[in-house]
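Below: one structure, written as structure tokens.
The values are calculated or read from the model by the stated rules, or taken from the named source; none is laboratory data. Everything numeric in this text was worked out from a predicted model, so none of it was measured. FYI the Cβ positions are ideal-geometry reconstructions off the backbone, even for glycines, and counts take in every protein chain you see. Calculation scope for accessible area: heavy atoms of the full protein, side chains included, ligands and nucleic acids excluded. Shrake-Rupley method; radii C 1.70, N 1.55, O 1.52, S 1.80 Å.
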Amino acid sequence: MEALQIHGSEAQKKTYLAPLIAGRWTGTMNLTEPQAGSDLGALKTRAEPKGDHHLLTGQKIFITYGDHEMAENIVHFVLARLPDAPNGSKGISLFIVPKFLVNADGSLGARNDVKAVALEHKLGIHASPTCVMAYGDEGGAVGYLVGEPNRGLEYMFTMMNNARLAVGVQGLAIAERALQAARAYAGQRVQGTTPGNDPAARLPIHHHPDIRRSLMAMRAWSEATRCLIYFAAGTLDRAKRHPDSTERADYQALVDLLIPIAKAWSTDRGVTAASLGVQIHGGAGFIEETGVAQFYRDARIAPIYEGTNGIQAIDLLGRKLLRDGGRTAHGLIAAMTVTLKALKANSDPEVKILANHLEPTLTALANATEYLLKLGEAEIARALAGASPYLDLFGLVLGGWLLAKSTLAARDRGDPIRDEKLAVTQFYMANHLPQALALEIAIVSGADSVLKLPPERI
Ligand SMILES: Cc1cc2nc3c(=O)[nH]c(=O)nc-3n(C[C@H](O)[C@H](O)[C@H](O)COP(=O)(O)OP(=O)(O)OC[C@H]3O[C@@H](n4cnc5c(N)ncnc54)[C@H](O)[C@@H]3O)c2cc1C
């Protein structure tokens, strides 16, 4: 809908937008092909001009909700090549291909030449039909060019920030859902006792320090990713709606930097939290009845689709950090330093001490940033070897910063949850955040060992 609103013609918007927004019709994005996943420049689906439309032929794979009978029509957004298109990603155009052709009065006409020819059998998200789509088996699927030729990938990218943020939300949502299930189970599963207690007593497992650690770990991941998602969402809104155009541009640069982290870091935390949730359930977690095995399976797709997390890390490093010479990252680190000062100046020793944890990791982030900027394009392979640890380091420090900010805000406002907020932040700062220090070492001194063995010998 967003892509259509921005890039579609008036006639296309008139035909497709209202039923899509009303939910009478659904939409898909058809990018992936067997030889073209992360590398969309390799896609082969063809679009031949025919009068006022095009005829598409080709195959798409892994298409979410590619076919179903829950809506009257399905509007496929398909990337394909025109006959004279340049090679690679500069020769890709965007087409609307409806499942049922739409008559001039908006009613549905003939079935288009596009069909789902197979369903994928998956590790998780079994309720979502993931389809292999065939275009043009009977001569060509009718498609309508959106915008100008050869700008399809660019058009798809206009909705990518929202799409990637939405997948980040899936990571957060599954972390929270796994936490709620684990918390409930740990409060009622009785097993053993704790040191110093009556040896004959039997207690719910949430009394055991190791289970408390696991539950706190899940809660801290969940709250930190929630903070990051809200921060990115707010920045996205400001980039669109701030009245001042210079501010809008700055917020746009900031959200562009944040999105790969919000997508990748949150979805990785979702997998970690779902795994901890299974562990807290013990054997019952591995058995289907509790439902938590499903969270773990479902969580695993989020680091893969909408651009794998490895691709997000490359995007963060190459397109977001190096391209503006570190300007936006430096601005963000400066904003974190302001919070650090506020922590240091706080009169409550329990808050003040948070600065001791945040400060060295902020330095680690600044050091890693300068190191990668120095390597730059000249030594890009070595820089890329550290891209994923850099994204993790950035995510960890952002999480710590935002938790600290929200702790300060909750205390200033006398919020009833302020003590819990402080406890979760203290846990995060003392248990999760120190990993940032190790990540700096991996980034700054890990590249040579990453690249030492030839790939075929690893
Ligand atoms: C359940 C499901 C639903 C999906 N839904 C849709 C959909 O609705 N529409 C759609 O178009 N697609 C969809 N996809 C496809 C999904 O977006 C792709 O699977 C994803 O982009 C990765 O592409 P690939 O599977 O070809 O992996 P590859 O691109 O082959 O990647 C394999 C590995 O290599 C890494 N890699 C690849 N290139 C590079 C590089 N240049 N540098 C470093 N590492 C690299 C990747 O990070 C990954 O770890 C879906 C996939 C699944 C599994």
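Relative to the Cα centre, what is the charge dipole magnitude of region 160-445, using +1 at the beta carbon of each Lys and Arg, -1 at the beta carbon of each Asp and Glu, and rounding to the nearest 20 debye?
Details: 31 positive and 28 negative charges, 51 e Å.
Rounded to the nearest 20 debye, it is 240 debye.
Annotation: per residue accessible area for the chain equals 47 Å², rounded to a whole number [probe 1.4 Å, protein chains only]. Counting charges near Gly399 (Lys, Arg +1; Asp, Glu -1) among other residues having Cβ under 10 Å from its Cβ returns a value of +1. The angle between the Cα long axis of helix 387-412 and the main principal axis of the chain comes to about 60°, on a 0 to 90 degree scale. Each of Leu375, Thr363, Ala127 was placed along the dipole of the chain (beta-carbon charges, centred on the mean Cα), and the one lying farthest toward the positive end is Thr363. Put a dot 7 Å past the Cα of Lys44, heading toward its Cβ, do the same for Gln294, and the two dots end up 3.9 nm apart.
Dipole check for region 2-149: with +1 at the C-beta of Lys and Arg, -1 at the C-beta of Asp and Glu, and the Cα centre as origin, the magnitude is about 120 Debye.
Compute the Rg/Rh shape ratio of the chain: radius of gyration over Kirkwood radius, all on alpha-carbon atoms.
Working: Rg = 24.8 Å, Rh = 24.5 Å.
Looking at the chain, the ratio lands at 1.01.
Pairs of Lys residues in region 160-445 that lie 8 or more places apart, or on two chains, and have C-alpha atoms under 20 angstrom apart add up to 13.
Between 0 and 90 degrees, the angle of helix 160-188 with respect to the longest Cα principal axis of the chain falls at about 40 degrees. Residues Glu120, Glu138, ordered by accessible area of protein heavy atoms at a 1.4 angstrom probe radius and largest first, appear as Glu138, Glu120. On region 250-325, 57 percent of the accessible area sits on carbon and sulfur atoms, based on a 1.4 Å probe. Protection proxy ranking, highest mean first, for peptides 195-201, 164-170: 164-170, 195-201, where packing is the per-residue count of other beta-carbon atoms within 10 Å, averaged. With contributions of -39500 (n - 2.57) from each DSSP H run of at least four residues, the per-residue ellipticity at 222 nm computed over the chain stands at -16500 deg cm²/dmol. Name the residues of region 147-165 whose amide N is less than 20 Å from a point 7 angstrom out from the Cα of Asn87 along the C-beta direction? Backbone N within reach: 150-153.
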